[in-house]
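Structure first, commentary second.
The values are calculated or read from the model by the stated rules, or taken from the named source; none is laboratory data. All values derive from a computational prediction rather than experimental measurement. Cβ sites come from the backbone with ideal geometry, for glycine too, and all protein chains shown count toward neighbours. Just so you know, the surface numbers come from the protein's heavy atoms only, side chains and all, with ligands and any DNA or RNA stripped out. Shrake-Rupley method; radii C 1.70, N 1.55, O 1.52, S 1.80 Å.
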Amino acid sequence: MAEEGAATGGAVAEKVVHTYPLIRHTDMSEEMRIEAVELSVTACEKFSQNNEMAARMVKESMDKKFGPAFHVVVGESYGFEITYECTTICYMYFGGNQAICIWKCS
Amino acid sequence: MLKAMIKRALKKDDETVLITKTLSRLEQKETASKSRGNLVEDEALDWLKPRALLKPDDQEDVPEADLEEEVGRVLTTINPQWVADEVAYHYGQGRFLRKARPTFGKAYPLYVYQGTAIRKDSEEAKAQIAAGYGMVGFDDAGPKRAKVKKSKAEEEEEEEPEPDTQPAEEAKPEEDAADEERPKEQVDEQEVVQPEVADEETEAVADEGGEEAATEEKEEGEAQVEEKIEIKPRVKKLANQFNFCERAALTYTFPRRSVDTQTIPPPRANYGATGLQCIIFDYYQEDYAKKQREKEEEKPKRLRKKAAKHAKSAQQIHDEQLAQRIREAWTILERLVNQNIYDDIAQDYRYWDDPSDEFREGMGSLLPLWKFQFEPMRNHAVCEVQWNPHYQDLFAVAYGSLDFTQQQKEGCLCLYSIKNPAFPEYSVITDSPIICLDVYKETPYLVCVGRYDGNVCVYNAQLTLESSYQYKSDSVRDKHSNIVWEIRWGARLIDGEASFFSISGDGRVVQWAVMPGELQATTIITLHSSVAPIPGPDGTLLTVNSCGSCICFHPEKPDIFMVGTEDGMIHTCSLKYNRNYVRSVQGHHMPVYRIHYNYFNNSIYASCSGDWRVKIWEDGRDEPLFMFELGSPVGDVKWAPYSSTVFAACTADGKVYVYDLNVNKYRPICVQAIVSKKTKKLTRIDFNRQLPIVVCGDTKGTCHVVKLSPNLRVMCKPPKKAQGIDQRSLQIMKLDKLLSLVRDPPFQTGVVDEKFDDD
């Protein structure tokens, strides 16, 4: 019992939930990248239960700021193969379980 | 008419030049014909034809007379070929009819054009105008169709009536027949126009063309002469699908063209990834691990540094400790050696009192003890010497140069201990001569120095020599622009920072606050002088500041200070006023070198100057209480810390004067030459606070420590009535008694002088 308890306690201690935004791949400029990350964080926090709304918010904001046409995917598990305009892709993780892909292709 | 005909005839030959020539000639001579001979002889035409006319062989000979004969030619409109009795068979009537006689000759219309023009002055036109058509314009409202049948000749004739009018007049006399024809023509025209006006039924017949139509028209025209006049005014027809007229204009159409450009499409790239929970988690873990690693990497760096430093410092500490121990050992050894060498001096210092004093009432002597010299500063002058307020055996020396024509390049700050006369305890060479210094009473290892280049520094004697100064004024921003003549520590500021004041030859008194890492300057007062502004080279007026030479703070009032200037003025100033002096006294006639307050009475101070004089002043008096002339520039004057009436002065001729006003108000009780006046001058002097010794510096970098003989340090004996009074009160009383003696007779100028002179 004691051992188990200790083990679980150890496991709990080991398990660290990371929620910070983590950029996996990007070629955006510094300014755009910061903006995109901030937007994603805001959107995902605002619509934590609704990825569609979050994606829409990010997309519309990015469109306003950097011109159309941005594409945003927010999801927990998906695969993609996209063509993007150079210097406009940002693939990042947020909240420990969400993958957000932002790119522009018009 | 004639002209027209000729024109027409000549046109066929296509000789336009000739046409014009001929026409002009015709007009000139008004003759229709010319003889050949004339023509040949005509100079204007001689280029045209050869003079010798070629004749065919079979040409008939014509007599010259015949050739010369003028043949008149008459041209008429009547066709001479016309057959008067021509008949034609009329199939309709089945008989031969006589053809109508055309007025213009035998002609056959080849082409008929129905003209719409009518003469304006014709009857018909008048009628139409009367009917209201004239206003509209004939073309618009006129008859749609007019049947006119004319021969070609007639048409031509009709076309050219206007241009012909003038030549016609000329031709008239010759063309009687033509004249006769004119009315006929008019009639014809009327006849021609007639049918259109009359009825349109005839048009069908007329359209068939031919002579029959013409004849019919003729007949009808003759028949309808009466009708013609009865033309009803025509109403303007309404436009309908048959008679409306459409007009259009086509504008220039601009050619169009298309221009295209194509930009390079923005560069694109492909990217693909899979976002799965496991991948996200893994990546987070990876990133987290990386961050941790970085952190750890950073930490060891610091730690390593520290450790390295520590390890190094352990070694260093060891070294330092060792060095310290060695140094201490060496110091002890050095002192032992010195003690052995200077044993007699030490003995003298400790025990020798001049026995002759007992026999010389009121006179004393100075016993020379050690001489302090710093080898690198051999040629420097001692610009300031000051006993340390805390360590009685320690004094600070500022090495600079007072020979301003041959100024030294470097200076030195030294701390000497009388325990070690051989070498300074602390010495730091500076890059500019040091003119003044002051030891901070609160922390006696802090020494502020004023330098020849106008900078002020603070040295910490505890620090190693490598660190040099601890604080230094900013050479660019706020240093003095002249020599810093005297520097004095002041009271702490409100915020607790130490501060010191410096006076410089640029006429400013600056307070320096010792902030962490820097000195903050505040100009306290700018010494204005009485000299009027001097016009500068560019016309601006330069205000002249008087050069400050010494400063002295009131012992009790920290915001009152006195300033001596190079023009001999002694200004009493306050920190609270930065423009005005509290008091101003013309104390001397040469630069004031020192002002020093009495240790026992805060209103008494002494001043010395380059004008050979030492003066004793009382605050608030414009005249000195005492004045002594020492026969040489007085470099320094100091009150003795042990007696209220004793002061010492050193002069440029190498003597030290010690006065005791209580013993002798007019003469020094001791005059002793310390250095040879030929080679050296005494610059500064300072009493040791505790010990009966005086240090004075000379211009060759030597500090002389002399011992005061017993007569020079006589203490007050308490009166028998009041045995318990301490020495200080006694001293104050002594001075007050003395002052009352001086004060009681109203002080007059020259009294002291007289007495002095008398003596």
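Values for this structure:
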item: Considering residues of segment A:63-106 that are at the interface with chain B (Cβ under 7 Å from one of its Cβ atoms) and among the charged types (D, E, K, R) only, the residue surrounded by the most Cβ atoms within 10 Å (Cβ to Cβ); result: A:GLU85
item: Unique match (being within 22 Å of B:ILE280 (Cα to Cα), away from chain B (no Cβ under 14 Å) and not hydroxyl-bearing (Ser, Thr, Tyr)) among A:GLU31, A:GLU60, A:GLU35; result: A:GLU35
item: Segments classed as strands (runs of 3 or more DSSP E), wholly inside segment B:661-759, with at least 3 members that are modelled with pLDDT of 85 or more, of a type in the set (A, V, I, L, M) and within 24 Å of B:ASP353 (Cβ to Cβ); result: B:693-698, B:702-708
item: Qualifying residue in segment B:361-374 (condition: at negative phi, surrounded by 14 or more Cβ atoms within 10 Å (Cβ to Cβ) and touching a Lys or Arg at 6+ places or on another chain (Cβ under 6 Å)); result: yes
item: Any hit, segment A:44-52, residues being of a type outside the set (Asp, Glu), within 14 Å of chain B (Cβ to nearest Cβ), open to solvent by less than 70 Å² (accessible area, probe 1.4 Å) and over 18 Å from B:LEU276 (Cβ atoms); result: no
item: Within segment B:717-736, tally of residues that are surrounded by 12 or more Cβ atoms within 10 Å (Cβ to Cβ) and either of a type outside the set (A, V, I, L, M, F, W, C) or in contact (Cβ under 8 Å) with a residue 24 or more places away in the chain (or both); result: 9
item: Hits in segment B:542-559 (condition: open to solvent by 40 Å² or more (accessible area, probe 1.4 Å) and β-branched (Val, Ile, Thr)); result: B:THR543, B:VAL544
item: Subset of segment B:682-712 (residues that are crowded, with 21+ Cβ neighbours inside 10 Å and among the basic types (Lys, Arg)); result: B:ARG684, B:LYS707
item: Matching strands (runs of 3 or more DSSP E) fully within segment B:610-652 where at least 1 residues are touching a Phe, Trp or Tyr at 6+ places or on another chain (Cβ under 6 Å) and closer than 22 Å to B:MET715 by Cβ; result: B:613-618, B:634-639, B:646-651
item: B:TYR666 vs. criteria in contact (Cβ under 8 Å) with a residue 12 or more places away in the chain, aromatic (Phe, Trp, Tyr) and either touching a Leu at 6+ places or on another chain (Cβ under 7 Å) or open to solvent by less than 10 Å² (accessible area, probe 1.4 Å) (or both); result: no
item: Number of the condition not met by B:HIS480 [criteria: (1) of a type outside the set (Gly, Ala, Ser); (2) outside any loop (DSSP other than H, G, I, E, B); (3) in contact with a Lys or Arg (Cβ under 7 Å, 6 or more places away or on another chain)]; result: (2)
item: Residue among B:ASP622, B:ASP653, B:ASP611 that is open to solvent by 10 Å² or more (accessible area, probe 1.4 Å), farther than 17 Å from B:CYS552 by Cβ and touching a Lys or Arg at 6+ places or on another chain (Cβ under 6 Å); result: B:ASP653
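Table: residues versus (1) more than 42 Å from the chain's Cα centre (by Cα); (2) of a type in the set (Asp, Glu); (3) open to solvent by less than 10 Å² (accessible area, probe 1.4 Å).
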{"site": "B:ASP474", "(1), (2), (3)": "no, yes, no"}
{"site": "B:SER481", "(1), (2), (3)": "no, no, no"}
{"site": "B:ARG508", "(1), (2), (3)": "no, no, no"}
{"site": "B:TRP512", "(1), (2), (3)": "no, no, yes"}
{"site": "B:GLU518", "(1), (2), (3)": "no, yes, no"}
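Residues are listed down the side, and each one gets a yes or a no for (1) open to solvent by less than 40 Å² (accessible area, probe 1.4 Å); (2) aliphatic (A, V, I, L, M); (3) modelled with pLDDT of 90 or more:
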{"residue": "A:MET1", "(1), (2), (3)": "no, yes, no"}
{"residue": "A:THR8", "(1), (2), (3)": "no, no, no"}
{"residue": "A:VAL17", "(1), (2), (3)": "no, yes, no"}
{"residue": "A:HIS25", "(1), (2), (3)": "no, no, yes"}
{"residue": "A:GLU30", "(1), (2), (3)": "no, no, yes"}
{"residue": "A:LEU39", "(1), (2), (3)": "yes, yes, yes"}
